[in-house]
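J.: What follows is a single structure, and I will ask about it in a moment.
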Amino acid sequence: MAGGCVRLKSAIPIPMACAREGEHLTVNLPDKARNSRVLVLGGTGRVGGSTAIALSKLCPDLRLVVAGRNREKGAAMVATLGGNSEFSEVDINNVNSLEAVLSDVDLVVHAAGPFQQAEKCSVLEAAINTKTAYLDVCDDTNYASRAKSLSDRAVDANIPAITTGGIYPGVSNVMAAELVRAVRSESKGEPERLRFYYYTAGTGGAGPTILATSFLLLGEEVVAYNKGEKIKLKPYSGMLNIDFGRGIGKRDVYLLNLPEVRSAHEVLGIPTVSARFGTAPFFWNWGMIAMTSLLPPESLRDRSKVQQLVQLFDPVVRAVDGIAGERVSMRVDLECSNGRNIVGIFSHKRLSVSVGTATAAFALAVLEGSTQPGVWFPEEPEGIATEAREVLLKRAAQGAFNFVMNKPAWMVETDPKELGLGIYV
């Protein structure tokens, strides 16, 4: 099915044509495709709401179903989205409720996190049972692995599914895949080391779910790969000072257990892979380090206890977010056997906006037929077809103030040093 169109329940293919309209890249749909329906679970939250708004701008003809547990918030979101939207009250832990709403949509976008410590993939299983295309914004290694274990069932049901399809992981995975493809197609050395670096000011304005995710990740040992060997490291350790280029500059980042490390190692065949994250103001990083040192890991793995921490810290975080802003940046570095080092950088002023745009780009790729039946990571060609990556990145990067790919590190960093004769390091 790569390069074709996914068979929607409305049996209408959606083409990949796109055009400029103001500041928004829009997808041109034929009249018949206006019956396509997309369900956004967690659509009243920060990530799901941002995704619904982005979809309405990228593709105004889509019919959006915003799902959540709060009718008042749902009504407010529907009012924002306009006439092509509706609210559905859904409890993702109620299988009957979930399958009932899925039976009438073409694609479900699962943004009802956090995904850490979830015992099963209820939404994906319901999507398979109802033969509904699926996308999630999972950022948890165990959840993503569990989702992948359902791939054969998805193939049997003939449904396409992507796990870890948000901004990071998600767009960062596709950036990594494109760097690897560029190197291998040019036959200039074999990729040896891949490093993901992420920076967000405060919580990026993304709300308590992101805060809960951050705390839960502090309770997980970090899995990384060194020359093909799987290693485990302490969370929020291994600090590096990384240059994210113009508008962001140099920032301290720390090791975290993120699913793109394992998927990039296994899918792209890179022997050495790691991921680091940092935030600002600087005392948030100190606070994260203190939590890993002072609190027992089992407390940070307990969702109820973490929720108590979120309730305690959320008012303070929101106040600081108002001052810190919500800039976000991703830097993906690829080192090769011949000494070549290329990078990709994505920077945006507002995480709360860019996460929705990125997720919407994946949703459109699924609808357009980029994804084959099965459960896939974004960097797998069966998930996002190789020829569809450029379009996905172009859509995801809307509004980014810095987006570059396949460049030497010195070309994208904040203050390159000139050696003379136009040579910089």
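Bear in mind these aren't lab numbers, they're just calculated from the coordinates by the rules spelled out. Bear in mind that the values here come from a model prediction, so they are computed numbers and not experimental data. Using ideal geometry, Cβ is built from the backbone for each residue, glycine included, and neighbour counts are taken over all protein chains shown.
J.: Kindly rank 133-139, 299-305, 213-219 from highest to lowest mean number of other beta carbons found within 10 Å of each residue. Don't skip to the answer; put the middle values down first.
T.: Numbers: 133-139: 28.7, 299-305: 15.0, 213-219: 22.6.
Going from most to least packed, we get 133-139, 213-219, 299-305.
J.: If you don't mind, another one. Would you mind computing Rg(Cα) / (2.2 N^0.38 Å) for region 296-423, counting N as its residues?
T.: Numbers: Rg = 19.6 Å, N = 128, 2.2 N^0.38 = 13.9 Å.
This ratio for region 296-423 stands at 1.41.
J.: In this model, which of LYS73/LYS349; LYS120/LYS305; LYS57/LYS148 are farther than 23 Å apart at the alpha-carbon?
T.: Working: LYS73/LYS349 25 Å; LYS120/LYS305 20 Å; LYS57/LYS148 31 Å.
The pairs that break the limit, which is 23 Å between Cα atoms, are LYS73/LYS349; LYS57/LYS148.
J.: Quote to one decimal, in nm, the extra length available between LYS230 and GLU119 on full extension: 0.36 nm per residue of separation minus the C-alpha distance between them. All intermediate terms of the calculation are to be shown ahead of the outcome.
T.: Numbers: separation 111, 0.36 × 111 = 39.96 nm, distance 2.42 nm.
Length gained, LYS230 through GLU119: 37.5 nm.
J.: Treat every Asp and Glu Cβ in region 161-265 as -1 and every Lys and Arg Cβ as +1, leave all other atoms uncharged, and give the resulting dipole magnitude about the Cα centre to the nearest 20 debye. Kindly include the intermediate steps, with their values, before the conclusion.
T.: Details: 13 positive and 10 negative charges, 30 e Å.
Dipole of region 161-265, to the nearest 20 debye: 140 debye.
J.: On to the next question. Is the shape of region 261-332 best called rounded, prolate or oblate, per the rule: a/c under 1.5 gives rounded, else a/b larger than b/c gives prolate, else oblate, with a ≥ b ≥ c the square roots of the Cα gyration tensor eigenvalues?
T.: On the way: a/c = 2.41, a/b = 1.43, b/c = 1.69.
Verdict is oblate for region 261-332.
J.: Tell me the relative contact order for region 257-390 as a rounded percent, counting alpha carbon contacts under 8 Å between residues six or more apart. Before the final figure, lay out each step's value.
T.: Details: 84 pairs, mean separation 20.3, N = 134.
The normalised contact order for region 257-390 reaches 15 percent.
J.: For the chain, modelled as a Gaussian network with Cα springs under 10 Å, which listed residue fluctuates most, VAL171, VAL306, VAL355?
T.: For the chain, modelled as a Gaussian network with Cα springs under 10 Å, the answer is VAL306.
J.: Under a GNM of the chain (C-alpha, springs under 10 Å), which listed residue has the highest mean-square fluctuation: SER263, SER122, SER354?
T.: SER122
J.: Where a ≥ b ≥ c are the square roots of the eigenvalues of the C-alpha gyration tensor, would you call region 214-372 rounded, which needs a/c under 1.5, or, failing that, prolate if a/b is larger than b/c, or oblate?
T.: Working: a/c = 1.44, a/b = 1.23, b/c = 1.17.
In terms of gyration-tensor shape, rounded.
J.: Rounded to two decimals, what is the ratio between the C-alpha radius of gyration of region 87-233 and 2.2 N^0.38 Å? If you can, show how the numbers build up before the last one.
T.: Details: Rg = 17.6 Å, N = 147, 2.2 N^0.38 = 14.7 Å.
Taking the Cα Rg and dividing by 2.2 N^0.38 Å, one obtains 1.20.
J.: Now for a separate question. What is the antiparallel percent of DSSP beta bridges lying wholly in the chain, to the nearest 5? Intermediate results must be reported in sequence, preceding the final value.
T.: Working: 41 of 75 bridges.
Looking only at bridges with both residues in the chain, the antiparallel portion is about 55 percent.
J.: Taking 0.36 nm per residue of separation and subtracting the Cα-Cα distance, what length does fully extending GLN307 through ASP104 add?
T.: Working: separation 203, 0.36 × 203 = 73.08 nm, distance 3.31 nm.
Gain in length upon complete extension: 69.8 nm.
J.: Mean-square fluctuation check for the chain, GNM, Cα pairs under 10 Å: which of ASN129, ASN70, ASN338 is largest?
T.: ASN338
J.: What's the extension gain from LEU294 to GLU86 if we count 0.36 nm per residue and subtract their Cα-Cα distance?
T.: On the way: separation 208, 0.36 × 208 = 74.88 nm, distance 4.56 nm.
Full extension from LEU294 to GLU86 adds 70.3 nm.
J.: Follow-up question, since we're still on this one. Any idea what Rg and Dmax come out to for the chain if you just take the C-alpha atoms, in Å?
T.: My reading of the Cα-based Rg and Dmax gives 20.5, 69 Å.
J.: Shifting gears a bit: Taking the dipole about the Cα centre of the chain, with the C-beta of Lys and Arg at +1 and of Asp and Glu at -1, give me whichever of HIS265, SER370, HIS348 is farthest to the positive side.
T.: In the chain, that residue is HIS348.
J.: Next question, about the same structure. Rg(Cα) of region 159-252 divided by 2.2 N^0.38 Å?
T.: Values: Rg = 15.9 Å, N = 94, 2.2 N^0.38 = 12.4 Å.
Against the empirical 2.2 N^0.38 Å value, I get 1.29 for region 159-252.
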